[in-house]
Amino acid sequence: MDTPSPVNHLSLCSGYEGIGLGLKRVLPSCRALAYVEIEAFACANLVTKMEAGELDTAPVWTNVKTFDGKPFRGLVDILSGGFPCQPFSYAGEKRGFGEIRGTLFFEIMRLIDKNRPKMMILENVRGLLTNDGGKTFETIKHEIE
């Protein structure tokens, strides 16, 4: 029986690693290269899941702003990121890129540029589409193109 080629995944703003767990269900050969997450409780949760065998054992980097990513260049098939939604949420102050958490999107774009993954999955809230009269989403579309 042929073994499918591994699919390498780099997870940014990992949180509880929902995107990675979903990828593993549909792509069993998906393998995490690294997790990047700043929240201490979420980092502890990632480690607990690794120890329980629920996640691939991989390094956890605690700041997307200082994560170089260069060592992974040429290895990343899928890059995912659930960048903070509070700056774009209808329930929040809707400050978008005017809030420090809102600028983390550009850090993800920096790492996409460095790593040139074959595919990317970015997750956020619906308010991202309408924030700042739609200008936020237009900026994002321009960055991705």
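The values are calculated or read from the model by the stated rules, or taken from the named source; none is laboratory data. Quick caveat, the model's predicted, so the values are computed rather than measured. Cβ sites come from the backbone with ideal geometry, for glycine too, and all protein chains shown count toward neighbours. For accessibility, only protein heavy atoms count, side chains too; no ligands or nucleic acids. Shrake-Rupley method; radii C 1.70, N 1.55, O 1.52, S 1.80 Å.
A few points about this structure:
- Neighbourhood charge, 12 Å Cβ-Cβ cut-off, centred on Gly69 and excluding it, Lys, Arg +1 and Asp, Glu -1: +3
- Heavy-atom accessible surface of the chain, averaged per residue, reaches 58 Å², computed with a 1.4 Å probe.
- Each label was represented as a point 7 Å from its Cα along the Cα-to-Cβ direction; for Ile38 and Gln86 these points are 1.0 nm apart.
- Shown here for the stretch 36-136: chymotrypsin sites (Phe, Trp or Tyr not before Pro) in loop regions (DSSP other than H, G, I, E, B) with at most 14 other Cβ atoms within 10 Å, namely Tyr90.
- Cα shape, the stretch 4-60, gyration tensor, a/c 1.5 rule: prolate
- The C-alpha atoms of the chain define a longest principal axis, and helix 104-115 lies at about 40 degrees to it.
- Fraction of antiparallel bridges per DSSP, the stretch 8-141 only, in percent to nearest 5: 0 percent
- Carbon + sulfur, % of accessible area of the stretch 38-87 - ligands and nucleic acids excluded, 1.4 Å: 59 percent
- Between Lys70, Lys24, Lys114, the residue with the greatest mean-square fluctuation in the GNM of the chain (Cα pairs under 10 Å linked by springs) is Lys70.
- Cα-based helix-to-principal-axis angle, 40-51 vs the chain, degrees rounded to 10: 20 degrees
- Of the whole protein surface, Met50 contributes about 30 Å² of accessible area at a 1.4 Å probe radius.
- If you count Lys pairs in the chain whose Cα atoms are under 21 Å apart, skipping same-chain pairs closer than 8 places in sequence, the total is 9.
- Taking the inverse of the mean reciprocal distance over all distinct Cα pairs, the Kirkwood hydrodynamic radius of the chain comes to 15.8 Å.
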